Amino acid sequence: MTSFRFLSTLYLCLTGMLVAAQYPLDSLNTLYEKAWRFGEIPRPLDGNAPEDDPRLADMSMEAIAYRRAYWEGVKSKLSQVSVDALQDQDRINFEVFRYIVDDNVAGFEYHTYLMPFNAEGGFHTDFGFIPGSSSFDTKKQYEDYLVKLSGFPALVDQYISLLRQGMKDHYTMPSVVMQDFERTAEAYVTPDPEVSVFFSPFKNIPESVADATLLKERGRHVVADEVIPAYLKLGDFLKQEYIPACRRTIGATALPNGKEHYEQRVQHFTTLDMSAEEIFAIGQQEVARIHAEMQTIIDSLGFDGSFADFLYFLRTDARFYAQTPHELLAEASYFSKKIDGKLPEYFGKLPRLPYGVEPVPAEIAPRYTGGRYSPGSYKDHRAGAYWVNTYMLESRPLYVLPSLTLHEAVPGHHFQISLAAEAAIEGNHKLPDFRNEYYISAFGEGWALYTEWLGKEMGIYEDPYQQFGSLTYEMWRACRLVVDPGMHAMGWTREQAVGFMAENTALSLHEINTEIDRYIGWPGQAVSYKIGELKIRALRKEAEVALGDKFDLRTFHDVVLQNGSVPLFVLERVVREWIRKNE
């Protein structure tokens, strides 16, 4: 280990010595390509790995030390570049890439690799998505998949070593979000390997694929003898060793250098120079504003009771809940198509890739949020998927479905992500891969929340209860600005956070508890939504005032989306340049 650290340090020093005072543009583009590929194929101890190498990531401590030195070297090179000398897409490329590199370096500085979980899952649940997100049209694709499956036991061993190091160095997950967490591993264990999600690609091998019988037998063998035992091993480790050792605190500030870490998380997820205290204050202001709007709707309905009584009514009245999973999915599908029909009125450019409505996979549904978007792929001929959680139907109110659909499907995540993918492969200026593949939460989630608000103009909400559902979703995100810094920087307890959300939103208590655990396990991410939405709305207002009759909403939306996922400070500059050109 000592000699390896010496070599890593030497490597960093040498890369710094090679930095020129100003990087030529072609050298910058080469740096982007090499560094992004380095991050996509994290096997630095095997320098000759081809681009299509199917092996899983090397998560040994030696590999992590090597990667840290690499990214610190890249950051050193970027520090020599004058951003003001770059123009248009070249400047955006640089600013986005510097944002990515800064976060990579911060991850090593704050040892986030020692806590590879959040409340919903981790590396092991991500691995469970591979069968459904991969293409299986050729023999090589099946052989590559077998390589991944065979590599999983070693990956589990490496992560167990990291978790043990985290236990030793006081970097552990909060125990409150790790209760029964072993079930996230046990969900992939089955006595019959042929019913495993990992065996599913072998059930219907295309006739064009050679040696199908042999591939199927190899698949059954590796799932039964390697993958399932690895999940069993991980589940036993979590239950017997890791979960009992997890910390009893919930705030990120309880970790070593935790205060600095949380402030870095806030600035990363907002992409703005904001403090935890500022976020907390904005959240309180938004909660008060939205609460007043919610009360107006309650009054208009002539409801005889308090605000708390109305929330109880919404949580318990059977009219607001689907009786079957199909009913919930059908309602989500209805709003999806209703919104589709409105899109040309509000956008000049529409995505070509379609999307479908699907239930959240059963393996993860119990700990999962109410809905999510799963991106499609032009390359793999796969549509996007708007996931709706059909687990515990009594906790999935129908009156929030319009907001959920606007957010997760169109014109929210499916719209924004698909357009970004198209922009990356079209036009005269091909974007680097990282511009298409990296997701910036403040932009993506801010846009999706903005589209919930836009749904009012689009006429999507059909009655006062759906309008209230829209406000309770907005209140949900405003509450995040309070409870996230509350728990991670202000000393709030979990009970305080749950109580605050229960008092101010119409979310079910199951959803509230799920969400609070998500915020505990993923510090800072929750504040990105509302901050992003507020910035987009502020920029729209700025454009409307400056352009007057020249303002066109369809064009404004196209300008916001045209560069894909970017930091908010980049979006602000782009929109203001557009305003100046059109005044």
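The values are calculated or read from the model by the stated rules, or taken from the named source; none is laboratory data. None of these values were measured; they are calculated from a predicted model. Note that each Cβ is placed from the backbone with ideal geometry, even for glycine, and that neighbours are counted across all protein chains shown. Just the protein is used for accessible areas: all its heavy atoms, side chains included, with ligands, DNA and RNA removed. Shrake-Rupley method; radii C 1.70, N 1.55, O 1.52, S 1.80 Å.
Tabulated data for the structure shown
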quantity: Out of Val81, Val74, sole residue that is under 30 Å from Gln562 (Cα atoms) and modelled with pLDDT of 95 or more; calculated: Val74
quantity: The listed residue being closer than 30 Å to Thr316 by Cβ, assigned to a helix (DSSP H, G or I) and of a type in the set (A, V, I, L, M, F, W, C), out of Phe500, Phe569; calculated: Phe500
quantity: Residues of the range 97-116 classified as touching a residue at least 60 places away in the same chain (Cβ under 8 Å) and touching a Phe, Trp or Tyr at 6+ places or on another chain (Cβ under 7 Å), total; calculated: 5
quantity: Top-ranked residue in the range 360-370 [being of a type outside the set (Asp, Glu) and more than 18 Å from the chain's Cα centre (by Cα); ranked as surrounded by the most Cβ atoms within 10 Å (Cβ to Cβ)]; calculated: Pro366
quantity: Test: residue in the range 138-148 that is modelled with pLDDT of 95 or more, of a type in the set (A, V, I, L, M) and either open to solvent by 20 Å² or more (accessible area, probe 1.4 Å) or outside any helix (DSSP H, G or I) (or both); calculated: yes
quantity: Qualifying residues in the range 71-102 (those that are under 24 Å from the mean Cα position of the chain (by Cα) and of a type in the set (A, V, I, L, M, F, W, C)) - the one nearest to Glu577 (Cα to Cα); calculated: Ile92
quantity: Residue within the range 206-214 that is crowded, with 19+ Cβ neighbours inside 10 Å and touching a residue at least 24 places away in the same chain (Cβ under 8 Å) present; calculated: no
quantity: Residue within the range 158-181 that is open to solvent by 40 Å² or more (accessible area, probe 1.4 Å), of a type in the set (D, E, K, R) and within 24 Å of the chain's Cα centre (by Cα) present; calculated: yes
quantity: Residue match in the range 403-422 (condition: of a type in the set (S, T, N, Q), assigned to a loop (DSSP other than H, G, I, E, B) and at negative phi); calculated: no
quantity: Condition check for Phe307: in contact with a His (Cβ under 9 Å, 6 or more places away or on another chain), over 27 Å from Gly412 (Cβ atoms), of a type in the set (A, V, I, L, M, F, W, C) and open to solvent by less than 40 Å² (accessible area, probe 1.4 Å); calculated: yes
quantity: Neighbours by Cβ (under 9 Å, 6+ apart or cross-chain): first from the range 251-264, open to solvent by 60 Å² or more (accessible area, probe 1.4 Å); second among the polar types (S, T, N, Q); calculated: Lys259/Thr253
quantity: Contacts under 7 angstrom Cβ, first residue in the range 456-474 being open to solvent by 50 Å² or more (accessible area, probe 1.4 Å) and of a type in the set (S, T, N, Q), partner in a helix (DSSP H, G or I) and at pLDDT 95 or above, 6 or more apart; calculated: Gln467/Ile297
quantity: Hits in the range 371-391 - residues which are within 13 Å of His326 (Cα to Cα) and open to solvent by 60 Å² or more (accessible area, probe 1.4 Å); calculated: Tyr391
quantity: Among the candidates Thr451, Thr472, residue that is touching a Ser or Thr at 6+ places or on another chain (Cβ under 6 Å) and not in a loop (DSSP other than H, G, I, E, B); calculated: Thr472
quantity: Subset of the range 510-547 that is over 23 Å from the mean Cα position of the chain (by Cα) and open to solvent by 40 Å² or more (accessible area, probe 1.4 Å) - its residue that is nearest to Ala288 (Cα to Cα); calculated: Ala538
quantity: Qualifying residue in the range 328-350 (condition: open to solvent by less than 60 Å² (accessible area, probe 1.4 Å), closer than 30 Å to Val566 by Cβ and under 22 Å from the mean Cα position of the chain (by Cα)); calculated: yes
quantity: Residue in the range 321-338 that is in contact with a Ser or Thr (Cβ under 9 Å, 6 or more places away or on another chain), closer than 22 Å to Leu454 by Cβ and among the hydrophobic types (A, V, I, L, M, F, W, C) present; calculated: yes
quantity: Odd one out for Leu86, checked against (1) modelled with pLDDT under 95; (2) in contact with a helix residue (DSSP H, G or I) (Cβ under 6 Å, 6 or more places away or on another chain); (3) crowded, with 18+ Cβ neighbours inside 10 Å; calculated: (3)
quantity: Breaking point among (1) open to solvent by 20 Å² or more (accessible area, probe 1.4 Å); (2) under 26 Å from Phe97 (Cα atoms), for Gly564; calculated: (1)
